[in-house]
Amino acid sequence: MDREELILVTGATGFLGTQLVRELLDRQPHAHLALLIRDRPGQPGSERAGAIVPAPDRPRIQVYSGDVSLPRCGLDGSTYENLSAQVTRVVHCAATVRFDHSLQDARQINVEGTRRVLDFASGARQLRGFAYVGTAYVAGERTGLVRESELAVGQSYRNTYEQTKAEAEALVRARLASLPGVVLRPSIVVGDSRTGFTSSFKMMYWPLKIYARRLWRTVPGYPDAVLDIVPVDFVAASIAQLLFDEAAFGCAVHLCAGPRGSATIQQIAHRAAEYFQAPEPRYVDPKLFFAALRPLLLAALWGRKRRVLRDGRAYRDYFTMRMQFDTSNAERLLAPAGLHPPPVLDYLDRLFHYCVASDWGRRPVAVP
Ligand SMILES: NC(=O)c1ccc[n+]([C@@H]2O[C@H](COP(=O)([O-])OP(=O)(O)OC[C@H]3O[C@@H](n4cnc5c(N)ncnc54)[C@H](OP(=O)(O)O)[C@@H]3O)[C@@H](O)[C@H]2O)c1
């Protein structure tokens, strides 16, 4: 669109960030991207960028080795100043998405990292747009309809991820009076709705895998619990769209399937039973399961089933959620651009198919 655009992206090496980088390169054919990437032992950020940016687009990429948990995001003074003088837009996507970090460790990346990126954006003289990638699950343990304007309403949080993302979003909201920015809140991001492709087999995929492999059939949850799932192509396209939409600035936007497009655990499980030709799951009251059945089973089981029981604890909350995300802002801002979250049940089979074709991420699959 504009030859002078330089878009800083954090979190570019992640599941969502990789797709976002491609989306920005496609939608903004004249823009250049500055990617802030952490070095890994023996693998500098520049090498890591090579893996996510197709060769023809590499001349449009500048890579900065950095870390949002460090002062000045790990950049030296003159690099920081030069970048700040040139950047026109910022997308802050980097975060730790682990549920088991200590509060201190999660805050260091999610809260202090966001504060540093906000400070950077506030000092960028040519800044035209800022997008913060949050999560709809800042709603924590709420039930009922969650509105995009709401953040802290006295809810409690299930883990340090939700809590620190809520704290970070509060920082962003406090700056929106002086910064042309938007808060984007995806729900559970899954693979591409057109191809099923995913590079991340966390979240919904783990329970699905153990079920498809006949390792577990009992769901400690409610059949009518709601799973709000959105495909990564919709989320990346929406971020790339709203980063350039002044009408979105000052708002929070749920990038979610919403009440119309989400599905219940039972609907998803029924589809999975059909697809994987497995018996329908059994549902057990979660309170009973975790208070009485699980301790007994832990004592009685061994090997793979015991590991499944132990690892499955991290997913318990997905089976009990009774909250829906209102998507009024999303519909108002995204529908005119032709962006609609596809209903979960419309593309679920493609996700299943990719899981099987790729042997749950172990086998490379050619994706169109
Ligand atoms: N996936 C979902 O279902 C979902 C749902 C709602 C919201 N979100 C949000 O979407 C964003 C991306 O999530 P994701 O699923 O793509 O996670 P991911 O695959 O784990 O990617 C996280 C990204 O953040 C980077 N990062 C982490 N700590 C950093 C630090 N200290 N300095 C610089 N970069 C750092 C990672 O870099 P390395 O490669 O070096 O680790 C990686 O590029 C997050 O803000 C998350 O809260 C995700």
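When the stretch 275-295 is examined, which residues are found to be touching a helix residue (DSSP H, G or I) at 6+ places or on another chain (Cβ under 9 Å) and either free of Cβ contacts under 8 Å to residues at least 24 places away in the same chain or in a strand (DSSP E or B) (or both)? Even if it seems obvious, please write down each step before you answer.
Within the stretch 275-295, the subset touching a helix residue (DSSP H, G or I) at 6+ places or on another chain (Cβ under 9 Å) is 275-276, 278-281, 283-284, 286, 289-290, 294.
Answer for the stretch 275-295, where residues must be touching a helix residue (DSSP H, G or I) at 6+ places or on another chain (Cβ under 9 Å) and either free of Cβ contacts under 8 Å to residues at least 24 places away in the same chain or in a strand (DSSP E or B) (or both): Glu280, Tyr283.
Just need a number here: residues in the stretch 27-60 that are under 21 Å from the mean Cα position of the chain (by Cα) and surrounded by 12 or more Cβ atoms within 10 Å (Cβ to Cβ). Steps first, please.
Residues of the stretch 27-60 that are under 21 Å from the mean Cα position of the chain (by Cα), as a first pass: 27, 33-38, 48-49, 51-53.
From what's left, surrounded by 12 or more Cβ atoms within 10 Å (Cβ to Cβ): 27, 33-38, 48-49, 52-53.
The qualifying residues number 11.
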| task | Any residue in the stretch 60-85 that's within 14 Å of the ligand (Cβ to nearest atom): show its pairings with residues that are among the acidic types (Asp, Glu) and assigned to a helix (DSSP H, G or I) at Cβ separation under 7 Å, as long as the two are six or more apart or on different chains. | result | Ser69/Glu112
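Tell me which residues, restricted to the stretch 126-141, are more than 16 Å from the ligand (Cβ to nearest atom) and modelled with pLDDT of 95 or more. Step through it out loud before you land on a result.
First, the residues of the stretch 126-141 that are more than 16 Å from the ligand (Cβ to nearest atom): 126-129, 141.
Scanning the stretch 126-141 gives Gln126, Leu127, Arg128, Gly129.
When you look at Arg116, is it in contact (Cβ under 8 Å) with a residue 12 or more places away in the chain, within 9 Å of the ligand (Cβ to nearest atom) and more than 24 Å from Phe234 (Cβ to Cβ), yes or no? Write out each step before concluding.
Numbers: in contact (Cβ under 8 Å) with a residue 12 or more places away in the chain: yes; within 9 Å of the ligand (Cβ to nearest atom): no; more than 24 Å from Phe234 (Cβ to Cβ): yes.
Against the criterion (in contact (Cβ under 8 Å) with a residue 12 or more places away in the chain, within 9 Å of the ligand (Cβ to nearest atom) and more than 24 Å from Phe234 (Cβ to Cβ)), Arg116 does not qualify.
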| Hey, Val189 aliphatic (A, V, I, L, M), closer than 20 Å to Cys256 by Cβ and near the ligand (Cβ under 9 Å from one of its atoms) or not | yes
| request: Can you tell me which residue within the stretch 124-170, out of those that are of a type in the set (Ser, Thr, Tyr) and in contact with a strand residue (DSSP E or B) (Cβ under 7 Å, 6 or more places away or on another chain), is surrounded by the fewest Cβ atoms within 10 Å (Cβ to Cβ)? | output: Ser149
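Return the residue satisfying two criteria in turn: it lies in the stretch 324-368 and is part of a loop (DSSP other than H, G, I, E, B) and basic (Lys, Arg), and of such residues it is surrounded by the fewest Cβ atoms within 10 Å (Cβ to Cβ). Please lay out each step first, then the result.
Of the stretch 324-368, the ones part of a loop (DSSP other than H, G, I, E, B) are 326-327, 338-343, 358-368.
From what's left, basic (Lys, Arg): 362-363.
Numbers: Arg362: 7, Arg363: 9.
Taking the candidates together, the pick is Arg362.
Is there a residue in the stretch 88-101 that is among the charged types (D, E, K, R), more than 16 Å from the ligand (Cβ to nearest atom) and within 24 Å of Ala236 (Cβ to Cβ)? If you could, list the steps in order and put the result at the bottom.
Let us first name the residues in the stretch 88-101 that are among the charged types (D, E, K, R), namely 89, 98, 100.
Still in the running and more than 16 Å from the ligand (Cβ to nearest atom): 89.
Remaining after also requiring within 24 Å of Ala236 (Cβ to Cβ): 89.
Within the stretch 88-101, one or more residues are among the charged types (D, E, K, R), more than 16 Å from the ligand (Cβ to nearest atom) and within 24 Å of Ala236 (Cβ to Cβ).
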| Among (1) within 12 Å of the ligand (Cβ to nearest atom); (2) within 27 Å of Arg185 (Cβ to Cβ); (3) among the polar types (S, T, N, Q); (4) touching a helix residue (DSSP H, G or I) at 6+ places or on another chain (Cβ under 8 Å) - the single one Gln108 does not satisfy | (4)
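Could you grab me the full set of residues in the stretch 226-274 that are small (Gly, Ala, Ser) and part of a helix (DSSP H, G or I)?
First pass over the stretch 226-274, keeping only residues small (Gly, Ala, Ser): 236-238, 240, 247-248, 250, 252, 257-258, 261-263, 269, 272-273.
Once the filter is applied, which keeps residues that are small (Gly, Ala, Ser) and part of a helix (DSSP H, G or I), the stretch 226-274 yields Ala236, Ala237, Ser238, Ala240, Ala247, Ala248, Gly258, Gly261, Ala269, Ala272, Ala273.
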| query | Mind checking whether some residue in the stretch 169-178 is more than 11 Å from the ligand (Cβ to nearest atom), outside any loop (DSSP other than H, G, I, E, B), small (Gly, Ala, Ser) and touching a residue at least 12 places away in the same chain (Cβ under 8 Å)? | reply | yes
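The values are calculated or read from the model by the stated rules, or taken from the named source; none is laboratory data. As the structure is a computational prediction, the values presented were derived from the model and not from experiment. A quick note on method: Cβ atoms are made from the backbone with ideal geometry, for glycine too, and the neighbour counts reach across all protein chains shown.
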